[in-house]
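Here is the structure we will look at.
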Amino acid sequence: MKSRTKQFALRAIKLVDALPETKSAEVIGRPLLRCSTSVAANYRAACRARSNAEFSAKLGIVEEEADESCFWLEMLVEAELMREAKLQSLRDEADELTAIVVASIKTARQAAKNLKSPIRNPKSK
């Protein structure tokens, strides 16, 4: 996932650099650049988390940034700054990363719950 999120960020950087030099492209490109690179940076930070709570919090940021990336990619198409076909693969990747991170957060929260619940031995009274 580290490599995948980093590749996502690099692809978004190349896309932003290829946008037309218009005010609207700049307005949409800047936040796309910020949130797409944040996906990779925060995933990396999550991997170095010192606790399950910190891990879940960092993944929450990754989820938000990946979803925001989806939004800005949609805006590029709807503002007719780029053809949908050219962006579809990157949009799909943003959607997939969002789904993976949501599932990871659920798993991490469930694991944290299981650690907090008392271990019960059915033979003890």
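For the range 114-125, check the following and say yes or no: at least one residue is at pLDDT below 90, assigned to a helix (DSSP H, G or I) and among the basic types (K, R). Let's see the steps before the verdict.
Applying the first criterion (at pLDDT below 90) to the range 114-125 yields 114-125.
From what is left, the residues that are assigned to a helix (DSSP H, G or I) are 114-116.
After this cut, where a residue has to be among the basic types (K, R) as well, the list is 116.
Yes; the residues of the range 114-125 include at least one that is at pLDDT below 90, assigned to a helix (DSSP H, G or I) and among the basic types (K, R).
I'd like the full set of residues that are in contact (Cβ under 8 Å) with a residue 12 or more places away in the chain and over 14 Å from C35 (Cβ atoms), limited to the range 1-17. Please lay out each step first, then the result.
At the first step, the residues of the range 1-17 found to be in contact (Cβ under 8 Å) with a residue 12 or more places away in the chain are 1-2, 4-6, 8-9, 11-13, 15-16.
M1, K2, R4, K6, listed by residue number.
Evaluate the following for E65: is it acidic (D, E), part of a helix (DSSP H, G or I), free of Cβ contacts under 8 Å to residues at least 40 places away in the same chain and in contact with a Cys (Cβ under 8 Å, 6 or more places away or on another chain)?
Details: acidic (D, E): yes; part of a helix (DSSP H, G or I): yes; free of Cβ contacts under 8 Å to residues at least 40 places away in the same chain: yes; in contact with a Cys (Cβ under 8 Å, 6 or more places away or on another chain): yes.
So E65 fits the description; yes.
For the range 49-66, give me each residue that is surrounded by fewer than 17 Cβ atoms within 10 Å (Cβ to Cβ) and modelled with pLDDT of 95 or more.
G60, E64
Under the condition of being in a helix (DSSP H, G or I) and either in contact (Cβ under 8 Å) with a residue 24 or more places away in the chain or acidic (D, E) (or both), which residue from the range 18-28 is surrounded by the fewest Cβ atoms within 10 Å (Cβ to Cβ)?
First, pick out the residues of the range 18-28 that are in a helix (DSSP H, G or I): 23-28.
Restricting the remaining residues to those that are either in contact (Cβ under 8 Å) with a residue 24 or more places away in the chain or acidic (D, E) (or both) gives 24-26, 28.
Working: S24: 14, A25: 18, E26: 12, I28: 23.
Filtering the range 18-28 for residues that are in a helix (DSSP H, G or I) and either in contact (Cβ under 8 Å) with a residue 24 or more places away in the chain or acidic (D, E) (or both), the one surrounded by the fewest Cβ atoms within 10 Å (Cβ to Cβ) comes out as E26.
Among the candidates S38, S69, single out the residue that is among the polar types (S, T, N, Q), at pLDDT 95 or above, closer than 17 Å to M1 by Cβ and touching an Asp or Glu at 6+ places or on another chain (Cβ under 6 Å).
That would be S38, the only listed residue that is among the polar types (S, T, N, Q), at pLDDT 95 or above, closer than 17 Å to M1 by Cβ and touching an Asp or Glu at 6+ places or on another chain (Cβ under 6 Å).
Find all pairs meeting these conditions: Cβ atoms under 8 angstrom apart; at least six residues apart or on different chains; first residue within the range 89-112 and in contact (Cβ under 8 Å) with a residue 12 or more places away in the chain; second residue hydroxyl-bearing (S, T, Y) and in a helix (DSSP H, G or I).
These pairs meet every condition: A94/S36; A94/S69; L97/T5; V101/Y43; I105/S56; A108/S56; R109/S56; A112/S56.
The values are calculated or read from the model by the stated rules, or taken from the named source; none is laboratory data. Because the structure is a prediction, the values reported are computed rather than measured. Please note: Cβ atoms are built from the backbone with ideal geometry, for glycine as well, and neighbour counts cover all protein chains shown.
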